[in-house]
Amino acid sequence: MNWFIRRTGHALFTIWAVATLSFGLIRLMPGGAAQIMTNRATRNNPNVDREVIARMVREQIQIDPNAPLHVAYYQYMSGLAQGDLGHSHWAGESVNSVIAGALPWTVFLMAISTVAMFAIALSLGAIMAYREGSGFDLGMTGIAIFFNSIPYYVAAVVFIVFLGHGTSLFPPRGRYPSSVDPGFTVDFIGGAFHHAVLPSASFIVTGYGLLALAMRGNSIQVLGEDYVRVARLRGLPDRRIALRYVGRNAILPMYTSLLISIGFMFGGSIILEELFAYPGIGFYMFRAIEFRDMPLMMGTFLVITVGVVLAIFIGDATYGKLDPRIKSGDESEAY
Amino acid sequence: MKPTDEGDAPEPRTDGGMFAGSDATQVTRKQRAREWFGEAVATPARIAWEDWRMKVGLSIIALFVAVGLVAWVSSSNWWLLDGVTLVEEPISNQGPTRLAPFENWDYPLGTDVQGRDLLAGIVHATPRMIQMIMAGAVFSSIVATAVGTVAGYKGGAVERTLMTLSDIAMTIPGLPLVIVLMVLIEPQNPWFIGIIITINVWAGLARTIHSQVLSLRENSYVEASRTMGMGTASIIQKDILPNLMPYVTVNFVYAARRVIYDSVALYFLGVLTYQGIENWGVMMYIAYDIGGALFNPNNVYMLLVPMIPIVLLSLGLILFSQGTDRLFNPRVRTRQAGETVSEEVDDSTTVVTQ
């Protein structure tokens, strides 16, 4: 329990640090977001008083550009604490409602990609380890290395051009079929999965390679352990050895990679959702950049970061369940 | 053993160096340098070169350095090189527009919507890419090594602060942070862009190095140095750093790939503005935004051609880092050098999954 409390405190601290960082980017940096907004407002309304412009900026991003630093910081943080991310100039509504409509889709896409990628990488790596040195092993290693050197957005472009527009197998853009109304219907859910195939495939194909190789390395190492030999001598069934003895221990070190890849994918969603015209959170962050909509840009940045912090927190909490050594206070294992 | 004279080849040490303590002071600097070279450069290079992944990876990297040199020579205004132009710089209307690859051998890879030679674009974007990679990889390696070793060796409050910092930096997703910074700063200088892209890449390596240092500092030779009264700085430099090379090398490659991926993505999306063809991502941006290559099958090649160097360079870097595995994995290394081999069937390959 002690470990859990410490870990929660850590996550909260990280969120606070990111919020402070975002404040710094808006307010402290010369040419920061607040400065950009003030300049634009001044340019658009040359005759308006400075005070009025400052109030306009403040309404949008909760930072009064003329207030002293500590006051501005307090305003910004209390705004965030109340869950108010400001007003989006481009969308014409609050940043919160833009994000509320987009975030579930990004999480949906990330969840599919992560689960499928790890399922493929782990099983493939284990099979390669069992057939170490065979033609299958060598061939799959080569393919894994090659696919891994393709950036995910390059794969996305190839998929869109050749699978999306070339054939009509998979839809190349959008979140769900335009002819279907959102709701708990087979058509809608099936359509949503159908539309998620190409975006998640872009992540999976380019990301599974090194994971599979790492799994292969771990499995080979575990296969050489004494307890596996003993299990064989005891006459345990192969299936049981493969799953309970080898698989479980080989997967443990992969957990960190899982956490890292969640952050990587959330970040990559900006490019991928733009290419697939998939209105998730990355898509809106890109719109915000394109139209220099600072509140929306900082809001989506904060939400993506907090999402990653939460995902890692959940991952860490469940890691304790998988590996009891973490909680027993044996600190050196935690790395 | 007799004291060795300068210039003489050192006698082969049959005792494994155990009884040479009194001679140590008499070994000249030149011999020590030669010995160091043999131990630290020549042997590892020979071992590494036996791995096919290393051969292919290094060849690809060398190819890109050569291409970078060609571009540099071609665009240089320095008096000796001013007249030399091996590959023309890509400019609008230097050839027919929308020429497909392999049709006209003056423009082997074709031309884009504005008649720029695509091959020239690939070549002339290379030097800036190399600059960005160097800046980013060197920056992240130095910061990570400094933070990791200091935190691991000092301990206490310094350690807690530094590790909390790197935990936070590690959690923040890289690309969104980089994009926000690029939008706010709008950098042009390739060195600077490289550093911004790797702004939080150091954190992962710093963590690894930190935990390595924690175990290294307990080693008896480190303790001996401490007992002899050597300062923290020279202990870190002499006893700790050499053991961290594998991690630094792997990180170097990882940072390099991040720089390639992210810089191309930033130009491709139009987050970074461009003047000429300064990045392969610019070529993709022109194809995507102006050529409409996603929807126009006739223009797809404009998008595919600049992808070739991206994938190739990234492949070269991955193969290189996989090849160093043989070098840094102690068991594999001794087996290669033909020394005593432990009987264990265990050649777990350390793969960094990122």
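Modelled spin-label separation between A:LEU236 and A:TRP16, with each label point placed 7 Å from Cα along the Cα-to-Cβ direction: 4.6 nm.
A quarter of the convex hull surface defined by the alpha-carbon atoms of the protein assembly as shown gives 39.6 nm² as the mean projection.
Whole number in Å², please: accessible area per residue of segment A:9-92, 1.4 Å probe, ligands, DNA and RNA not counted.
Details: 4650 Å² over 84 residues.
With all protein chains present, segment A:9-92 gives 55 Å² per residue.
Each residue of segment A:298-307 is assigned a 3J(HN,Hα), and the resulting list reads 5, x, 5, 4, 4, 5, 4, 5, 4, x Hz, derived from the Karplus form 6.51 cos²θ - 1.76 cosθ + 1.60 (θ = phi - 60°), x at Gly and Pro. Full extension of the segment from A:ALA100 to A:LEU243, taken as 0.36 nm per residue of separation minus the current Cα-Cα distance, would add 47.5 nm. Where the alpha-carbon atoms of segment B:140-188 are placed on the principal axes, they occupy 38, 20, 13 Å, in descending order.
Give the calculated FRET efficiency between B:ASN104 and B:VAL138 to the nearest 0.05, with a Förster radius of 56 Å applied to their Cβ-Cβ distance.
On the way: r = 41 Å, r/R0 = 0.73.
In this case the efficiency is close to 0.85.
Modelled spin labels at B:ASN219 and B:ILE308, positioned 7 Å past Cα toward Cβ, are 4.6 nm from each other.
The H on the amide N of A:SER94, modeled in the peptide plane, is under 5 Å from the matching H of A:SER88, each at least 5 residues off or on a different chain.
Please report Rg over Rh for segment A:102-292, where both radii come from the alpha carbon positions and Rh follows the Kirkwood definition.
On the way: Rg = 19.6 Å, Rh = 18.3 Å.
My calculation puts Rg/Rh at 1.07.
Once you have the Kirkwood Rh of segment A:9-92 from its Cα pairs, apply Stokes-Einstein at 25 °C and 0.890 mPa s and quote D in µm²/s. List each step's numbers first, then the result.
Details: Rh = 13.5 Å.
Approximately 182 µm²/s, per Stokes-Einstein.
Can you tell me the mean projection area, over all orientations, of the convex hull of chain A's alpha carbons? Units nm², please.
On the way: hull surface 90.8 nm².
Averaged projected hull area, Cα only: 22.7 nm².
Whole number please: convex hull volume per residue of the Cα set in segment B:24-182, in Å³?
Numbers: hull volume 40.2 nm³, N = 159.
So the per-residue Cα hull volume is 253 Å³.
The values are calculated or read from the model by the stated rules, or taken from the named source; none is laboratory data. Bear in mind the structure is a predicted one, so any value in this text is a computation, not a measurement. All Cβ positions, glycine included, derive from the backbone under ideal geometry; neighbour counts span all protein chains shown. For the accessible areas, the whole protein counts, side chains as well, though only heavy atoms, and no ligand, DNA or RNA atoms are used. Shrake-Rupley method; radii C 1.70, N 1.55, O 1.52, S 1.80 Å.
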